[in-house]
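The values are calculated or read from the model by the stated rules, or taken from the named source; none is laboratory data. Computed from a predicted structure; not experimentally measured. Glycine gets a Cβ as well: all are built from the backbone with ideal geometry, and neighbour counts include every protein chain shown.
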Amino acid sequence: MRALVVGAGIGGLAAAGALAQNGWETTVLEQAPAPRTTGYMIDFFGPGFAAAESLGAIAHLQRHGEMYSRARYVDQTGRTRAKFAMESFLNAAHGKFFSILRPDIETGLREWVGDSVGIVQGARVVSVDPGRCPGTDGPGVPARAVVADGRDFEADLLIGADGIHSTVRGAMPAIPGTRVLRHLGLHVFGYVFYDPELAANLGREVVLSDSLVRQATLYALSDGRVTFFGVVECHDPDPAPDTREELFTKFRGLGSDVDRALDQRPAEIFEDVVAQAVVPAWSAGRCVLLGDAAFAVSLLAGQGASLAIAGAKVLADALGSGNDIPAALAGYEASWRPLVEQQQEAGRRNARFFVPSGRRALLLRRWSLHLMNLAPVNAVIARRVFGASVVGKGHPGP
Ligand SMILES: Cc1cc2nc3c(=O)[nH]c(=O)nc-3n(C[C@H](O)[C@H](O)[C@H](O)COP(=O)(O)OP(=O)(O)OC[C@H]3O[C@@H](n4cnc5c(N)ncnc54)[C@H](O)[C@@H]3O)c2cc1C
């Protein structure tokens, strides 16, 4: 059986590798001309960790991972307002937790798939025909993807793993008048820069700003690089370039380390709205959605990458060698949708905690973070952050 995967991101690479293990001939179409190098830090845990273990990919990811000892919230004057030990998260996840740059997850997954899949860079898919499985409507028709330069690809199955602004999603049945993206009122920026001195000062601490309506976070990498990611309140779901530049200036004044990070903004940065994808049906014909394209949970849920990898394994397990595609696609959605909807709800609950919009919310966050240092409270919070799947109840995971 032949599969086409649109998007060589986290979900796409995981799905391609998992299908190749099941004997599929798999091609991945990626719009970027080369593998990505910039991005933001991801905390990796939960169902994706278990899936990566069972797919044999975890060592490739851990090789690029980082561990941190503490998270510290610092105000504009440099005063520490709250802190908590990362060890508590590590314990709650039974040691299955590390941090890794988004581009490094992709590098690790590329190492893992090796030459078992074909990856075509610079292939931006502009239109998709979902095709048809053989049945009462007539004989089978292959799925098709057309690339911007006119190349045309056919397959028995097409997986749309093309992220939150998915093109493939256009081939899915829609409910007229409903929005697929649920905007969460925030805009995010992220990048990586080289500053060994700042990296040494940050050490193994994640440093976050204790601030209203915006949140800046710095992580040092072991090789002297530093990642900045900033989230700022923005109620426009599609801000114009000028507005985005203005939003970026709002991180200025959050402390000397943040200002230093802003001064080193490279030409290429990651930037996007913070949103969730609410898609009424994940498949049509021979076409199915995966990862952020189907069920973006947003950075507020902190498990999008994990769910993309775990979802890829659930999908590949359901497909097997591809004997009954309609049943497999229905089974994938039925088993996976409840867990991602639970995570989306958790993400929405976290919004005000993540970026407090008023002084009361900021004080409440400081207080909650202090409480996190108490073991019983920490266990409850860890359960909320990690979800029941990691701490022993609920969805059995992939
Ligand atoms: C700041 C931030 C922090 C986050 N932190 C965490 C965290 O701590 N833990 C966690 O698990 N998750 C986290 N996430 C979420 C996580 O990054 C996403 O959920 C994850 O990247 C989704 O993977 P994906 O493969 O579905 O999509 P993506 O990673 O977006 O990949 C989509 C791919 O498709 C390609 N593409 C798009 N359109 C086309 C097209 N038309 N043709 C061909 N290719 C195309 C893109 O170039 C890209 O390579 C965070 C997100 C952000 C923004």
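Total residues in segment 140-171 satisfying the condition of being loosely packed, with under 12 Cβ neighbours inside 10 Å and either among the charged types (D, E, K, R) or in a strand (DSSP E or B) (or both): the figure is 2. Within segment 1-17, being part of a helix (DSSP H, G or I), near the ligand (Cβ under 8 Å from one of its atoms) and not hydrophobic (A, V, I, L, M, F, W, C) holds for GLY11, GLY12.
Scanning segment 103-115 for residues that are crowded, with 21+ Cβ neighbours inside 10 Å and either assigned to a strand (DSSP E or B) or touching a residue at least 60 places away in the same chain (Cβ under 8 Å) (or both) turns up ILE105, GLU106, LEU109, VAL113.
Okay, residues lined up against (1) assigned to a loop (DSSP other than H, G, I, E, B); (2) more than 10 Å from the ligand (Cβ to nearest atom); (3) of a type in the set (A, V, I, L, M):
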| residue | (1), (2), (3) |
| --- | --- |
| GLY302 | yes, no, no |
| LEU315 | no, yes, yes |
| ARG337 | no, yes, no |
| VAL340 | no, yes, yes |
| ASN350 | no, yes, no |
| ARG360 | no, yes, no |
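It is to be established whether one or more residues within segment 184-191 are surrounded by fewer than 19 Cβ atoms within 10 Å (Cβ to Cβ), under 21 Å from the mean Cα position of the chain (by Cα) and of a type outside the set (Gly, Ala, Ser). Checked segment 184-191: no residue is surrounded by fewer than 19 Cβ atoms within 10 Å (Cβ to Cβ), under 21 Å from the mean Cα position of the chain (by Cα) and of a type outside the set (Gly, Ala, Ser). Scanning segment 138-173 for residues that are more than 19 Å from ALA328 (Cα to Cα) and among the basic types (Lys, Arg), we see that the one that is farthest from the ligand (Cβ to nearest atom) is ARG144. One residue stands out in segment 18-47 among those that are outside any loop (DSSP other than H, G, I, E, B), under 30 Å from GLU87 (Cα atoms) and not hydrophobic (A, V, I, L, M, F, W, C): the one that is nearest to the ligand (Cβ to nearest atom), namely ASP43. Pairs, please: C-beta under 6 Å, at least 6 apart or cross-chain, first residue within 21 Å of ARG348 (Cβ to Cβ) and modelled with pLDDT of 95 or more and in segment 300-316, second part of a loop (DSSP other than H, G, I, E, B) and more than 9 Å from the ligand (Cβ to nearest atom)? Listed by first residue and then by second, the contacts come to ALA310/PRO398.
Out of the residues in segment 116-139 that are in a loop (DSSP other than H, G, I, E, B) and in contact with a helix residue (DSSP H, G or I) (Cβ under 9 Å, 6 or more places away or on another chain), which is surrounded by the fewest Cβ atoms within 10 Å (Cβ to Cβ)?
The qualifying residue surrounded by the fewest Cβ atoms within 10 Å (Cβ to Cβ) is CYS133.
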